[in-house]
1. Those residues that are in a helix (DSSP H, G or I), touching a residue at least 40 places away in the same chain (Cβ under 8 Å) and surrounded by fewer than 23 Cβ atoms within 10 Å (Cβ to Cβ), I need them from the stretch A:186-219; list them, please.
2. Considering only the stretch A:38-66, state which residues are facing chain B (nearest Cβ under 9 Å), in contact (Cβ under 8 Å) with a residue 12 or more places away in the chain and in a helix (DSSP H, G or I).
3. Would you confirm whether any residue within the stretch A:88-101 is part of a helix (DSSP H, G or I), out of contact with any strand residue (DSSP E or B) (no Cβ under 9 Å at 6 or more places or on another chain) and buried (at least 23 other Cβ atoms within 10 Å of the Cβ)?
4. When you check residue A:230 against the structure, is it at pLDDT below 95, part of a helix (DSSP H, G or I) and in contact with a helix residue (DSSP H, G or I) (Cβ under 6 Å, 6 or more places away or on another chain), yes or no?
5. Please pick out the residue among B:240, B:227, B:257 that is surrounded by fewer than 20 Cβ atoms within 10 Å (Cβ to Cβ) and not in a helix (DSSP H, G or I).
6. May I ask you to verify whether residue B:135 is in contact with a helix residue (DSSP H, G or I) (Cβ under 7 Å, 6 or more places away or on another chain), assigned to a helix (DSSP H, G or I), under 21 Å from residue B:244 (Cα atoms) and at pLDDT 90 or above?
7. Hey, among A:120, A:177, which residue is away from every other protein chain (no Cβ under 14 Å) and either in contact (Cβ under 8 Å) with a residue 24 or more places away in the chain or out of contact with any helix residue (DSSP H, G or I) (no Cβ under 8 Å at 6 or more places or on another chain) (or both)?
8. Condition check: under 24 Å from residue B:167 (Cα atoms), in a helix (DSSP H, G or I) and within 14 Å of chain A (Cβ to nearest Cβ). Does residue B:220 satisfy that?
């Protein structure tokens, strides 16, 4: 059973490998985006030593690692799932003796492994050459960071699955998918670290799953979280992962009774 | 002149069809408007949150940066409405719909643009005007009788910069049917143009002014109305740059159409 799922990881990885040329420009695009925010933040800092508790160096590192983490965890499972629901092929997949959502997760993971090896790692090296960033020296921090990155992937994928499954309940969830993507970029801390938001917004955001995707792992990586705070951050991610399985299971059960194929 | 009138009547027909299809999925219209606006909302939230930490960005105040952003939204909305060419390569080249376009008498670019017309994007322009007015009042800028006229000229010039660039980029698919990844590349570079160009280093400033003139869709024309950000000469270059970029875009398009041989299926 497990080997069947692992095959989905392998197949998706090989499929992505076949289209790897598309991702070389992806690395440049991410470097461009990091550059835009790098200049922006440099101008924002001006002569100030620290801002929102960040030094310029920490800020640059934070932006770089956040975008590179996004290069890993990002996927289009929401679009894939909603397309399969809309064209009806989900019905065929439901009849198979394997879990549809697990298959999707595994495909997402296959893409993630590809993105990690051919996008994030070379991207990180290029970004390190262009921008003044500081990588952690402690190997333990690297290990924890990669564990947290794994949870980022899981939580982001769960949100994608939920958005995709909405196609069962509404006719067109394109707008919803766009909104979700923007919400994740803004609220997870890719473009702005949580600590810059006003107090009330921080309080709200600390009760939402988004910060677990980018802000927490990037804070560990840049050394802004230390000691027991690191383990708290991992715990927050683990809790969100567990909590999000509940609405997904519920949506999946409700969905199976109301498949409605448009023009099928 | 007759061609212009013909295009206008085609435009009416296409809009009529657009409205008919959209009325079937009414909720989608508003969802699209809202998700368009959310992207701008995200950028504005970024500006607001950042200015909680610092009084100025270079020598630009918060209201000035917001003003530039509001200006940017106007040409961007017009461009997105009429020049929605994002899926051109896929739909017209790979799937071969260009054949159908070329058998008809109207201009090929006119037809492609009208088939993809996207009126909800215009709401972004209206919101941009609102943001500009709000920033105008906060900055206590003087208001001259000619300002609205200048704004129209500038907005049209900026729109042409976008239309010309993206027409040229879409036309690349006439020469190479493999996805080149260049459109998303340019799309991300365009993000630099929404903020005061003075915060970047000289290479990027040069790039945004003379090679990919995105600075003419934001900071240069907007500076015309702002006090103390000099360079009215740069502002007046906007319509000129717009005309040049559009001419280049049309030239690339025409040479592309000449090379087009059909999808072969």
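1. Matches in the stretch A:186-219: A:195, A:196.
2. Of everything in the stretch A:38-66, those that are facing chain B (nearest Cβ under 9 Å), in contact (Cβ under 8 Å) with a residue 12 or more places away in the chain and in a helix (DSSP H, G or I) turn out to be A:41, A:42, A:45.
3. To start, the set of residues in the stretch A:88-101 that are part of a helix (DSSP H, G or I) comprises A:89-94, A:100-101.
Then drop every residue that is not out of contact with any strand residue (DSSP E or B) (no Cβ under 9 Å at 6 or more places or on another chain), which leaves A:89-94, A:100-101.
Subset that is buried (at least 23 other Cβ atoms within 10 Å of the Cβ): none.
Scanning the stretch A:88-101, I find no residue that is part of a helix (DSSP H, G or I), out of contact with any strand residue (DSSP E or B) (no Cβ under 9 Å at 6 or more places or on another chain) and buried (at least 23 other Cβ atoms within 10 Å of the Cβ), so the answer is no.
4. So residue A:230 passes the test.
5. When all the criteria are applied, what remains is B:227.
6. Criteria not met by residue B:135.
7. It is A:120.
8. For residue B:220, the condition - under 24 Å from residue B:167 (Cα atoms), in a helix (DSSP H, G or I) and within 14 Å of chain A (Cβ to nearest Cβ) - is not met.
The values are calculated or read from the model by the stated rules, or taken from the named source; none is laboratory data. All values derive from a computational prediction rather than experimental measurement. Every residue, glycine among them, receives a Cβ derived from its backbone with ideal geometry; neighbour counts consider all protein chains shown.
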